[in-house]
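Notes follow once the structure below has been shown.
The values are calculated or read from the model by the stated rules, or taken from the named source; none is laboratory data. Remember, it's a predicted structure, so these values are computed and weren't measured experimentally. Note: ideal-geometry Cβ built from the backbone for every residue, glycine included; neighbour counts use all protein chains shown.
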Amino acid sequence: MDININVRIDSPDIMNSLLALSEALAQIKTAAEIKGQTQIKPEEVQAPKEKNKVVTLEEVRGLLAKLSQAGKQQKVKALIEKFGGKRLSDIPKQKYGELLKEAEAI
């Protein structure tokens, strides 16, 4: 019996979590089917690999807003300037991942 469910998700974090969960469930199902046929060694079953996550402007803006509200406006401003902008929209999309990583370290 096949069940198909279509869900529209606007949050990339939730979507990535659901994708990882579905991949893990698919591996469990496959492992259970194979286990009936052969013995599986624990090192053969691997966790799903994390795909390259595309960081959006909204994610970066949200984190920087939290930091600013927490009184770290100067650090946020310095970080934006470090990436070559006077404001967040000046920074190229390709640098969002790196910017987000450094912002999380603040």
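Of everything in segment 53-65, what is touching a helix residue (DSSP H, G or I) at 6+ places or on another chain (Cβ under 9 Å) and at pLDDT 85 or above? Give them in sequence order.
Thr56, Leu57, Glu58, Glu59, Val60, Arg61, Leu63, Leu64, Ala65
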- request: Kindly indicate whether Pro42 is touching a Ser or Thr at 6+ places or on another chain (Cβ under 7 Å) and modelled with pLDDT under 85.
  value: no
